[in-house]
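The structure under discussion appears below in the form of structure tokens.
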Amino acid sequence: MIALESAELFCLLQPEEIAALRQVVDERTFQVGQEVFREGEPGDGAYVVKAGRVDISGQVNPDTRKVFSSIGPGELFGEMAVLEQLPRSACATAAQPTTVYFLPRAEMVSLIERSPVLAAALLRLISRRLREFNQHYLHEVVQAERLAAVGRFARSIVHDLKNPLNIISLTADMFCKPEAPADLRAAAQGRIQKQVGRINDLITDILQFSQADPGTARVPVSYAEFIASLTVELAPELEAISVRLAGAPTAPATILNLDVKRLRRVFHNLVLNATEAMPSSGTITLRFRQDAREVVTEIADTGPGIAPEMAEKLFQPFATHGKNHGSGLGLSICKKIVEDHGGRIWGRNDPAGGAVFAFALPLPTA
Ligand code: ADP
């Protein structure tokens, strides 16, 4: 229970002002759930909670009311409609058995006019509430944006999974019956396997995308040896699609702290993108340079280059362009892995033609 002279604003008043206030203030009690005032009612006065608690709420939509602040003993509420001379913009409801001091509008206004100390304190109070409201609002916006991102993520995955699943289902219905000719069944089997492969790739991408960096898997590795083993691994795949790999042997023999498994994924994604950009044939050139701080690796191709539509969003999750079945996750996975290594990644078009993707990995600190 809070005495009038101890309330957050009135504690600033002189004893004679408090005595005058007592003459005009009247006490009101409310049961739990009872409204002190509701939206649209005239702002006939301000309230201070003597005991109990009052929730201030607003109608968010026809079915939902949201409590945006809770007022406890000694705190003022209902002052805004009084100051603005406008109807109440929110509803005040007793959240506990509550007693309030009610100060009629005319007395409240004359008190403010008479007491600059009170006016300044009121300004501070309103400014603090605005700040709290802004923070609360910002938090809500961030939460809503997170939820929306999860929604977009889920929609995109569902969409990408539905397509191959439909193809599998149709193919199984039409061509896998015992009476279907053997050649059609064999073709159907191939088609189903291809779609299962697509689903598998997508799931691998999503797992990679959501994988947290344990940080513990990074070990000192000779970059030259890492690149040598990687090119041995990539060569047969590239040969099969008439893509030539050039420039591999020149990687620096510097020791870097690498999560080999994840960094291999960066190369696979970048090389895969390059080969997809050169469907008939072409050349991928690996280039390296090192300075006092980092080793930069460039993967250049002889494809058509990065489409202008992608320029601003290359590394954004789900950004894809010009591919039938692109998940749009490949480059964002590369970015995450490189950044987990303390590095940076970028892409550009070579004026002479083709795209160049490059990433920098930091040298280990002494
Ligand atoms: P996805 O390959 O699934 O579309 P990525 O994140 O790997 O997703 O790539 C995003 C987009 O960037 C691709 O759809 C493509 O338009 C563009 N891109 C990536 N690599 C290249 C490249 N080497 N040449 C041209 N465009 C590229």
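The values are calculated or read from the model by the stated rules, or taken from the named source; none is laboratory data. Quick caveat, the model's predicted, so the values are computed rather than measured. Don't worry about glycine lacking a Cβ; one is built from the backbone with ideal geometry, like all the others, and counts go over all protein chains shown.
Can you find a residue in segment 121-141 that is farther than 24 Å from GLU16 by Cβ, of a type outside the set (Gly, Ala, Ser), in contact with a strand residue (DSSP E or B) (Cβ under 6 Å, 6 or more places away or on another chain) and touching a residue at least 12 places away in the same chain (Cβ under 8 Å)? No; the residues of segment 121-141 include none that is farther than 24 Å from GLU16 by Cβ, of a type outside the set (Gly, Ala, Ser), in contact with a strand residue (DSSP E or B) (Cβ under 6 Å, 6 or more places away or on another chain) and touching a residue at least 12 places away in the same chain (Cβ under 8 Å). Would you mind stating whether THR171 is of a type outside the set (A, V, I, L, M), buried (at least 16 other Cβ atoms within 10 Å of the Cβ) and over 30 Å from GLU35 (Cβ atoms)? Yes. Within segment 347-361, residues that are in contact (Cβ under 8 Å) with a residue 40 or more places away in the chain reach partners that are surrounded by 17 or more Cβ atoms within 10 Å (Cβ to Cβ) and acidic (Asp, Glu) with beta carbons closer than 7 Å, at six or more positions or on different chains, in the pairs GLY354/ASP301; ALA355/ASP301; VAL356/GLU298; ALA358/GLU298; ALA360/GLU294; LEU361/GLU294. Against the definition (surrounded by 19 or more Cβ atoms within 10 Å (Cβ to Cβ) and near the ligand (Cβ under 8 Å from one of its atoms)), how does ILE306 come out, yes or no? In short, yes. Among the candidates LEU286, LEU272, which residue alone is under 25 Å from GLU225 (Cβ atoms), without any contact (Cβ under 8 Å) to a residue 60 or more places away in the chain and either within 8 Å of the ligand (Cβ to nearest atom) or part of a loop (DSSP other than H, G, I, E, B) (or both)? Within the list LEU286, LEU272, the selection yields LEU272.
Of the candidates PRO214, PRO178, PRO249, PRO236, the single residue that is exposed (fewer than 13 other Cβ atoms within 10 Å of the Cβ), at pLDDT below 80 and touching a helix residue (DSSP H, G or I) at 6+ places or on another chain (Cβ under 8 Å) is PRO249.
Considering only residues that are surrounded by fewer than 17 Cβ atoms within 10 Å (Cβ to Cβ) and under 19 Å from LYS313 (Cβ atoms), look in segment 325-366 and name the one that is farthest from the ligand (Cβ to nearest atom). Checking each candidate, the answer is ARG344.
Checked against the criterion of being part of a loop (DSSP other than H, G, I, E, B) and more than 16 Å from the ligand (Cβ to nearest atom), the candidates PRO252, PRO279, PRO317 yield just one match: PRO252.
Put simply, of SER110, SER89, SER69 the only residue that is surrounded by fewer than 19 Cβ atoms within 10 Å (Cβ to Cβ), among the hydroxyl-bearing types (Ser, Thr, Tyr) and within 26 Å of MET1 (Cβ to Cβ) is SER69.
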